[in-house]
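Below: one structure, written as structure tokens.
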Amino acid sequence: MKIAVYPGSFDPVTNGHINIIERTTKIVDKLIVAVAVDSKKTILFSAQKRTEMIKEATKNIKKVEVKSFSGLLTDFVKKNKANIIIRGMRAISDFEHESQLALMNKRLAPEIETIFMVTCSKYSYLNSSIVKEIASLNGDISHLVPEIAEKNLRTLFLNKKA
Ligand code: ADP
């Protein structure tokens with residue numbers, strides 16, 4: 001069984017993430033999308049909300065499971081009997097940070113391989129921060145995120161303004 005874990009903050013999930021999830025399910029037996037509870041980034045949505053949004057957005061994609069995790073990623077991967085970590089690679093600017101993470105994870109758990117999926121070119125500019133910024137300025141994000149994320153962002157920023 002090839003079981004992969006796709007970790008991230010997913011604050012919120014974007015169409016770029018969904019694209020990586022869809023493509024990964026074609027090459028593995030099971031994909032666990034792992035929502036990081038602890039993040040160094042400033043997080044807008046709770047881990048529960050971020051998890052719910054991915055569950056809703058991936059409900060029609062087979063082989064996908066969504067879970068949240070805290071602590072060491074390699075421990076979560078082992079606990080779930082997985083042996084692959086999936087990460088998305090957008091531009092060369094992602095490379096330094098991503099390769100450092102992959103090398104550290106290799107050191108912590110040599111049996112786990114990190115595989116990079118190169119983003120689809122139409123999503124190469126897309127990240128959660130830019131989506132949050134556009135949504136906060138009332139811009140159109142419908143082509144950037146799944147419907148459930150758009151709905152939650154709209155509600156959140158409308159309430160903030162009220
Ligand atoms: P993190 O906080 O761990 O960087 P993110 O939620 O920002 O988590 O991203 C999770 C993973 O998805 C990372 O590997 C990131 O490179 C990848 N990713 C984010 N946006 C895109 C995109 N538009 N296309 C492809 N991969 C992406």
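Taken together, the values in this text are just the output of simple stated rules run on the coordinates, not laboratory data. Predicted, not measured: the structure shown is a model, and the values here were computed from it. Backbone-built Cβ (ideal geometry, glycine too); neighbour counts: all protein chains shown.
Along the range 11-27 the Karplus relation, 6.51 cos²θ - 1.76 cosθ + 1.60 evaluated at θ = phi - 60°, assigns HN-Hα couplings of 10, x, 4, 10, 5, x, 4, 4, 4, 5, 4, 4, 5, 5, 5, 6, 10 Hz to successive residues, with x for each Gly and Pro.
Shape of the range 1-112 from its Cα gyration tensor (a ≥ b ≥ c, root eigenvalues): rounded if a/c is under 1.5, otherwise prolate when a/b > b/c, or oblate? It comes out rounded by the Cα gyration axes.
For the chain, the dipole from Cβ point charges (+1 on Lys and Arg, -1 on Asp and Glu) about the Cα centre works out to 320 debye, to the nearest 20. Estimated from helices alone, the mean residue ellipticity of the chain at 222 nm is -13500 deg cm²/dmol (sum of -39500 (n - 2.57) over DSSP H runs with n ≥ 4, per residue). Sparse packing (at most 12 other Cβ atoms within 10 Å of the Cβ) combined with a DSSP loop state is found for the following trypsin sites (Lys or Arg not before Pro) in the range 76-117: LYS81. The packing ranking, built from the mean of other Cβ atoms within 10 Å per residue, places the peptides 56-66, 94-104, 10-20 in the order 10-20, 56-66, 94-104, highest first. Label-to-label distance for ASP75 and SER136 is 3.3 nm, based on points extended 7 Å past Cα in the beta-carbon direction. Across LEU108, LEU137, LEU126, mean-square fluctuation computed from a Gaussian network of the chain (C-alpha pairs under 10 Å connected) peaks at LEU137.
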